[in-house]
Amino acid sequence: MSAVSGKDRITSSKGSIRGESLQVLVIGSGGREHAIVKKAASSSLVSEVHCAPGNAGIARQAVCHPVADSDIPGIVALARKTGAGLVVIGPEAPLCAGLADELAAAGFKVFGPGAAAAMLEGSKGFAKEVMLAAGVPTAGFARFAEYASARAHIAQISFPVVVKANGLAAGKGVMIATAMEEAEDALSRCFVERSFGDAGLDVLVEECLIGHECSVLALCDGDTIKPLEPAQDYKRIYDGDRGPNTGGMGCYSPVPRVPPGLVDEIIETVHRPVVAELKRRGIEFKGVLYAGLMLTAAGPKVLEFNTRFGDPETQAILPRLENDLVELMLACAEGALSEHELSWRQQRCVTVIMASAGYPRSSSKGDVIEGLDLDGGLPGVEVYHAGTAEADGKFVTAGGRVLAISALASNFRESRQKAYQAVAKVRFDGMQFRTDIAAEAAEDR
Ligand code: AMP
Ligand code: GLY
C-alpha cells in the first residue's frame, strides 16, 4: 500500500487523471482473495484495500468488514461506505447470485461477470449449450431431469462415464463411474438421495476424457481477451492423485507441457468463441474466464468453466505477474484491456496447500497454528491465509484449506524446495499437505 502524494498522480491510459486514492474492495475470504489483496495493496494506484469478510491473514493488508459475500445489499452498502473505486469479486456464489449486476447498477466499477455470464460456471448445461453453439471442443454429453431416462441412457453406453450435477455443488457434484453400478449409484445420489440439492435434479452424463488436465485463465473486458500464464492444479487430497477431490491441494505455474503456442491455440478455440457467443446473446463477460481443460490425443477439450480466479491457481499465478493487477482489473471493468500488455517473471512458482484435520469431508476449527511469523522471512515465499482466524493473539485454523504457501525461484526444483522449507516451519494439529506438488515439473527442468 502506498500513500502517494498529489504530485505523483498518473495519467491513466484513457487520458484522464486518475488519483492514487483508490479504495479497492475485495469480496471473499480464501487464499485466492489474500493473493489478490496482497497484489492490490502493492499497487501505486491504491490507498487502501478493504475485504469482506476476509480472514486473519488478509487483515494484515486490508481493512476487513464482517459482511458475508451472500449479503448483496450489505456489500453494496459497504462499497458506498468505503467509497470503493473498484470492487473485485472472488468466489462463484455471489457472482451467480448477481452481485456484480447490483454493484454495477449502483454505479461501481466491478471486476467479475454478471449473473448471466456467471451461468457458464453455475450451470454446466448452459456451458455445454454455449460451447455447442460456439463450436468449442468438449466432452460429448446428454442431459437428464429424472432418474429413469438417465438410467436407460447409461445402460446403452460404454464406461467410464462422468455423472455431473448441473448446478454449483462446491466441486463435489462430479462423479466418475467405471462400471454400471457406480453410475447407478451416482444417479441415485443426484435424484434419489438428493445429495446435491436442486443442483442434482438436473444431470449431465458425459464422455470421460483421457489426458493431462490444465487450467488456462484469461482476463476479459467484454471484447479483449488476455491469457494469464497456465497453471497446474492438484485436485485430490493425497499424494499420487489418490483420495477424494478437494478445492485444490497445490499448484504450479507456468506448465511446461502447455507452452505459449498452445495457450494461444486454447484462447482462439475456447475463450474467444465462448465470449463471442455470449456477446451474440447480449451477455458481456468481464473478469476472469477460467477454462479447465483436458489435453487429449485429439487436442485440448473443455472440462468446465469457472468465471473467476481459481483457488489455488491464483496463488501460483499472481506472484509471477509483473503488471499492476489493479490497473488490469480496472481496465477489464472499463473495457480498456487492449491498452495493456501482460508481463511475467521468468521465475517458476510452486504453491502448497496446508489443510486442517478431516478435510475435505469436514474441517477442524481452533487448532493453534505455529511458525507463521515466517511471512516474508524466506525470500521469494508468500504465505497466503485461507481458513484462519485470530484467537488470543494467535492464528488458529478456521476452515478446510488453511494456508497456501507459494515460492518463487529460477527453476521448479528450487521453488519446490523453498515452498516445502516454508511448509516445514508451520505446525498445527492434524495438518495435511501433499508432498508431491510440482514433482513432475521439477523433473522436467
Ligand atoms: P469439474 O468440476 O467439471 O471440473 O470436474 C471436476 C474434475 O472431474 C475435473 O477436474 C476432472 O478431473 C474430472 N472430470 C470432469 N469432467 C470430466 C470428463 N468429461 N472426463 C474426465 N474427467 C472429468
Ligand atoms: N482450483 C479449482 C477452482 O478454483 O475451482
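Observations
- Selection from the range 305-358 of residues that are away from ligand 2 (no atom under 16 Å from the Cβ) and of a type in the set (Val, Ile, Thr): VAL326
- Hey, ALA165 away from ligand 2 (no atom under 16 Å from the Cβ) and closer than 20 Å to ALA199 by Cα or not: no
- Residue, farthest from ligand 2 (Cβ to nearest atom), within the range 1-53, restricted to residues that are at pLDDT below 50, touching a Lys or Arg at 6+ places or on another chain (Cβ under 9 Å) and within 18 Å of LEU328 (Cβ to Cβ): THR11
- Looking across the range 61-85, the residues that are more than 19 Å from the chain's Cα centre (by Cα) and touching a residue at least 40 places away in the same chain (Cβ under 8 Å) come down to GLN61, ILE75, LEU78, ALA79, THR82, GLY83, ALA84, GLY85.
- Here the condition is being among the hydrophobic types (A, V, I, L, M, F, W, C), closer than 30 Å to GLY125 by Cα and open to solvent by less than 10 Å² (accessible area, probe 1.4 Å); of CYS332, CYS349, it holds for CYS332 alone.
- Residue pairs whose Cβ atoms lie under 8 Å apart, separated by 6 or more positions or on different chains, with the first residue in the range 206-218 and touching a residue at least 40 places away in the same chain (Cβ under 8 Å) and open to solvent by 50 Å² or more (accessible area, probe 1.4 Å) and the second hydrophobic (A, V, I, L, M, F, W, C) and near ligand 1 (Cβ under 9 Å from one of its atoms), are GLU207/ALA139; GLU207/PHE141; GLU207/VAL161; GLU207/VAL162; ILE210/MET294; HIS212/MET294; GLU213/MET294; GLU213/LEU303.
- Condition met for ALA231 (modelled with pLDDT under 90 and within 16 Å of ligand 2 (Cβ to nearest atom)): no
- Number of residues in the range 410-438 that are of a type in the set (Phe, Trp, Tyr), under 24 Å from the mean Cα position of the chain (by Cα), closer than 18 Å to TYR384 by Cα and surrounded by 19 or more Cβ atoms within 10 Å (Cβ to Cβ): the value is 1.
- Test result for GLY247, within 30 Å of GLY399 (Cα to Cα), open to solvent by less than 20 Å² (accessible area, probe 1.4 Å) and either in contact with a Lys or Arg (Cβ under 8 Å, 6 or more places away or on another chain) or not basic (Lys, Arg) (or both): no
- The condition of being more than 16 Å from ligand 2 (Cβ to nearest atom) and at pLDDT below 95 holds for only one of ARG281, ARG257, that being ARG257.
- Filter pass, VAL396 being farther than 19 Å from PRO312 by Cβ and not in a helix (DSSP H, G or I): yes
- Counting only helices (runs of 4 or more DSSP H) wholly contained in the range 66-159, the ones carrying 1 or more residues that are open to solvent by 60 Å² or more (accessible area, probe 1.4 Å), at pLDDT 95 or above and farther than 19 Å from GLU33 by Cα occupy 72-82, 99-105, 115-122, 124-134.
- Of the residues making up the range 276-300, those that are surrounded by 16 or more Cβ atoms within 10 Å (Cβ to Cβ) and more than 16 Å from ligand 1 (Cβ to nearest atom) are GLU277, LEU278, ILE283, GLU284, PHE285, LYS286, GLY287.
The values are calculated or read from the model by the stated rules, or taken from the named source; none is laboratory data. Source: prediction; values computed, not measured. Note that each Cβ is placed from the backbone with ideal geometry, even for glycine, and that neighbours are counted across all protein chains shown. Protein only, heavy atoms only, side chains kept; ligands, DNA and RNA dropped before computing areas. Shrake-Rupley method; radii C 1.70, N 1.55, O 1.52, S 1.80 Å.
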